[in-house]
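A.B. asks: Submitted below is the structure of interest, expressed as structure tokens.
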Amino acid sequence: MRRTAGLLAAALVTLTACGSKAEVATGGENGKGGTLTVLATSDFGHLDPARNWTMREMMFGSRLLYRTLTTYKAGSSEIVPDLATDLGTSSDGGKTWTFTLKDGLKYEDGTPIKAADVKHNVERSMAPDITGGPDYAKNLLVGGTEYKGPYDGKHLDSIETPDDKTIVFKLKRPAGEFSYTVTLPTFSPVPVAKDTKVEYDNRPFSSGPYKIEKYERGKELVLIRNEHWDAKSDPVRLALPDRIHVKQGQDGDTITDRLIASSGDDASAIGWLHVGQQSLSKILPNPQAKERLVTMVTGCTDWISFNTPKKPFDDPKVRQAVHYALDKEAIQTAFGGPNMAEIATAYLPPTMTGGAKQDVYAIPPAGDVDKAKALLAEAGVALPLKVTMTTTTTSNTTETAIQESLKKVGIEVELNPVDGAVFNDHSGDLAKADEMSVHGWCPDYPNGSSFLPPILDGRNVMPTGNSGNTAFFKDGEVDKKIDEIYTIEDPTASNKAWQELDSAVMRKLPMAPIAWAKRSFLFGKNVTGVANHPVWAAQPDYATIGVKKSS
């Protein structure tokens, strides 16, 4: 799952979670009712469930606006049925999966949720104009890579809906992990009558506990209760606040000051972004604020994506030169220091390799300038080498550390700031993308198939909307190896094979890993139930957040 630039660039503070503040709210005096305010610097990238593929927006949309066939328990990587009655039934050696919808499921207008609506959203996720979302369905379903969406009247035969409550998926390969795959927003329902195509981003139709009352892009989003959501059918979402008010376009430093003060509406507020390092001096001396800060491990990897089709980064030696030149200790400092970020040496995070930290290059943490210069000379690069790196308008701490590192070897990096809401659209566009950008990935579910294929499979590269393979990396040997690993049914053998592929691709280096980060969030004194979720990269789980009645 893609991580956005806003997540990457903001550094973090050094604290441990306060257990009493991370308990799940259960309603009553301390959780039910009231208005939860969310303070954000910018708009959502995408709320359309077919386009939603960043950690914060995945958490927000899937917990509040739409339900999926299966989902995760609060605070756990265990999956449970959501719209479906169970975790699915497989046949044909794991290549056919069948799900049955629960009784009585309804949209925000009281109309029934049908299996055909889930099929429609999966189909529309493959339309050329509906870009940026997860591509698992396209790559797994028979005919998916050739299919161009439902808007010309054609449908995908590999999704069958024999009745309103049954949906059957026909896959190209065995997929023992498919119960996890259908936790993604791609597998939520969108009725044809409410589908406004690219405009659906502005007003998703709710199948979850909340519906949109008002959405003014870049300014505010107001959610109110969906009275047709049935809590008895939902094993996870507590739906505690009566209203959720997302205030966008706020200044990051001001957000921190307001949450520290925790007065008025801000007492019932939480920050959309995690706390930056610059706020450390404000928070640590304040015992009350410190008590309202929770720190969470992400289990994600951050890296520099090289535009591999574009010179000079079409040459692996130039990419390796950058990797050797990086002062990862300085980058680690930009993330908030060693307590808040570990230096990354591979793509797969230690959480997915049994704690092992693979390291192909064994580069000193501060880099190897001489080796970097030697590689540039071997590549015939004339210095100074001038390149551009995309960053956001709100934060570029990480990019500045990278810029300073590369200056030492004669690489001059110009930063190109773009608004955070369009960062991924810009850097995922083959025609517009700069030579470098900082991205990252978090596993969509706990299996190597949800990490390496999305970021490395060259068959996924498109002219626009590249969300996973942001290096536009194409390598036939890697694609073939991915297909081979897919056929391995034993989990232990599969995990070992994914780790071996990780090491092999590190030698080709389409991306240079920089950090395995942690994340801290600050919230107001009346907010309850703030707890991280291990699957969604330590984002606060909006399924459990509430506000005290006194607020």
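A.B. asks: If you filter region 208-259 for GluC sites (Glu not before Pro), then keep DSSP loop positions with at most 13 other Cβ within 10 Å, what is left? If you can, show how the numbers build up before the last one.
C.D. replies: Values: sites: 213, 216, 220, 227; in loops: 227.
Here the GluC sites (Glu not before Pro) that fit, given the DSSP loop and packing criteria, are 227.
A.B. asks: Given C-alpha coordinates of region 141-299, what is the ratio Rg to Rh with the Kirkwood estimate of Rh?
C.D. replies: Details: Rg = 21.3 Å, Rh = 20.1 Å.
Taking Rh as the inverse mean 1/r over Cα pairs, Rg/Rh reads 1.06.
A.B. asks: Search the structure for amide H atoms under 5 Å from the amide H of residue 520, placed 1.01 Å from N in the peptide plane, and list their residues when 5 or more places away or on another chain.
C.D. replies: 13, 275, 296
A.B. asks: Measuring from label point to label point, each 7 Å out along Cα→Cβ, what is the residue 78 to residue 317 span in nm?
C.D. replies: 5.5 nm
A.B. asks: Which whole-Hz ³J(HN,Hα) couplings does region 484-490 yield from phi under the Karplus relation 6.51 cos²θ - 1.76 cosθ + 1.60, θ = phi - 60°, glycine and proline marked x?
C.D. replies: 3J(HN,Hα) across region 484-490, in whole Hz: 5, 5, 4, 7, 7, 8, 6.
A.B. asks: Residue by residue, what Karplus-based ³J(HN,Hα) values in Hz, rounded to whole numbers, does region 164-174 have, using 6.51, -1.76 and 1.60 with θ = phi - 60° and x for Gly and Pro?
C.D. replies: Once θ is set to phi - 60°, the couplings for region 164-174 become 5, 10, 10, 10, 10, 10, 9, 9, 6, 9, x Hz.
A.B. asks: So how far apart, in nm, are the two label points at residue 251 and residue 89 if each is 7 Å from Cα heading toward Cβ?
C.D. replies: 6.0 nm
A.B. asks: In Å, what is the Rg of the alpha-carbon atoms in region 259-390, and how long is Dmax?
C.D. replies: Gyration radius and largest Cα-Cα distance of region 259-390: 19.7, 62 Å.
A.B. asks: Another one. Using Cα pairs under 8 angstrom and six or more residues apart, how large is the relative contact order of region 419-551, in percent?
C.D. replies: Details: 129 pairs, mean separation 24.9, N = 133.
This gives 19 percent for region 419-551.
A.B. asks: Please give the contour-minus-distance gain from residue 430 to residue 388: 0.36 nm per residue of separation, less the Cα-Cα distance, rounded to one decimal in nm.
C.D. replies: Details: separation 42, 0.36 × 42 = 15.12 nm, distance 1.45 nm.
Net length gain for the segment: 13.7 nm.
A.B. asks: Please say if region 408-551 is rounded, prolate or oblate, where rounded means a/c under 1.5 for a ≥ b ≥ c the square roots of the C-alpha gyration tensor eigenvalues, and otherwise the choice is prolate for a/b larger than b/c and oblate otherwise?
C.D. replies: On the way: a/c = 2.27, a/b = 1.34, b/c = 1.69.
Taking the square roots of the gyration eigenvalues as a ≥ b ≥ c, region 408-551 is oblate.
A.B. asks: Would you kindly compute the Cα radius of gyration of the chain and its largest Cα-Cα separation (Dmax), both in Å?
C.D. replies: Using the Cα atoms of the chain, the pair Rg, Dmax is 22.7, 69 Å.
A.B. asks: Treat each spin label as a single point 7 Å out from the Cα along the C-beta direction, and report the residue 407 to residue 480 distance in nm.
C.D. replies: Simple spin-label model gives 4.5 nm for this pair.
FYI, it's all coordinate maths here, none of it is from the lab. Just so we're clear, the structure is a prediction, and the values are computed from it rather than from any experiment. Virtual Cβ from ideal backbone geometry, glycine too; neighbours counted across all protein chains shown.
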